[in-house]
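Below: one structure, written as structure tokens.
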């Protein structure tokens with residue numbers, strides 16, 4: 001009585017592995033972000049009779065399975081991506097070196113997956129000391145203060161979200177916590193972390209053929225288009241449109257609606273999604289000629305196809321109304337992207353609903369950024 005047979009133990013192990021695999025899939029595909037929620041949902045899907053808590057896979061087991069998904073779906077791109085993220089971490093850590101930065105998380109351990117951020121601990125008695133430095137260097141960022149309750153004790157954590165080539169989350173701790181041993185929520189053991197010197201040693205060890213300083217210097221000259229896109233999109237919230245044609249309100253809300261509709265129908269099409277999101281950015285620059293203003297601001301940052309869709313999204317309205325000059329009608333109709341242009345026009349007209357649910361600018365950009373990475 002009460003003894004578990006070898007057969008039962010084998011069945012439990014198989015179920016545990018299956019739950020770990022399903023939970024990893026949910027997290028890799030970003031359907032879930034928390035280990036606990038993912039494993040409970042996976043268990044419910046796979047076992048109707050319920051699973052005892054002790055039979056659920058550990059967070060570490062799920063993390064290992066996530067890496068299997070990453071290797072299968074991303075291959076060599078994942079290796080390149082990890083190197084680029086570590087280099088970007090080194091760049092910003094050198095910038096904030098006065099606040100004793102420590103790299104933690106998946107970029108430190110190498111367990112990056114789709115949508116991973118660069119996580120850094122910094123130590124300062126005032127977050128403003130760090131944000132002032134970031135602002136002086138031209139970084140875009142938001143500050144978030146989040147209350148978390150652990151062991152019946154409420155604590156407020158300050159996060160600085162830096163929007164750069166990769167998203168960076170800095171968690172600010174008091175200066176006297178610089179030598180505190182933080183423990184992992186996954187393993188319960190002290191977290192792996194690296195100072196600037198330790199990260200430089202890691203890079204030299206794992207990428208012996210790379211000259212780190214030369215790589216940093218070369219990448220510093222590369223313009224991150226997503227930073228420019230964000231700078232162009234955010235002011236649209238202040239652009240109020242005609243209630244007759246745009247009952248939904250401001251130009252940003254409209255743009256996000258059009259993006260959501262585009263994602264629903266063309267979630268795989270990076271160029272079309274960018275056109276949907278950016279088609280009205282010129283309204284924040286020159287409302288009298290927003291198409292010309294948009295094309296000027298986006299010059300060199302978008303493909304010819306995306307440019308064509310933005311350039312002619314107003315012409316598509318006139319084409320459908322029959323008021324476009326015949327010569328331009330023929331030119332548009334001859335384009336291989338004509339059908340996509342007319343579909344964008346449909347979405348532009350449909351994205352004018354008061355109360356529609358949309359995501360944020362950063363969520364939209366993150367989606368396109370991740371799609372761009374997957375497409376190489």
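No value in this document is a laboratory result; all are computed from the given coordinates. Treat the numbers as computed from the prediction; the structure is a model and nothing was measured. Here Cβ is always computed from backbone atoms with ideal geometry, including for glycine, and neighbour counts include all displayed protein chains.
Things to note:
- The packing ranking, built from the mean of other Cβ atoms within 10 Å per residue, places the peptides 237-249, 270-282 in the order 270-282, 237-249, highest first.
- Placing a label point 7 Å from the Cα of residue 354 along the Cα-to-Cβ line, the residues of region 240-259 whose backbone N sits under 20 Å from it are 240-258.
- Based on C-alpha pairs under 8 angstrom that are at least 6 apart in sequence, region 225-374 has a relative contact order of 30 percent.
- Label of the coordinate-derived value, Rg and Dmax of the Cα atoms in Å, listed as [x] 20.4, 61; [y] 20.7, 66; [z] 24.5, 88: [z]
- As a length-normalised measure over Cα pairs under 8 Å and 6 or more apart, the relative contact order of region 113-269 settles at 16 percent.
- Note on residue 137 and residue 214: the model spin-label points, each 7 Å out from Cα along the C-beta direction, lie 2.4 nm apart.
- Antiparallel DSSP beta bridges within the chain, percent to nearest 5: 80 percent
- Relative contact order, percent, the chain [alpha-carbon distance under 8 Å, six or more residues apart]: 12 percent
- Here region 159-184 is scanned for amide nitrogen atoms under 18 Å from the site 7 Å beyond the Cα of residue 77 along Cα-to-Cβ, giving 165-167.
- Alpha carbon centroid spacing (whole Å) that separates region 77-155 from region 253-271: 29 Å
- Between residue 292 and residue 98, the simple label model (points 7 Å from Cα in the Cβ direction) yields a spacing of 4.6 nm.
- Separation of the residue 329 and residue 52 label points, Cα + 7 Å toward Cβ, nm: 7.6 nm
- The calculated FRET efficiency for the pair residue 154 and residue 230, based on their C-beta separation and a Förster distance of 25 Å, comes to about 0.15.
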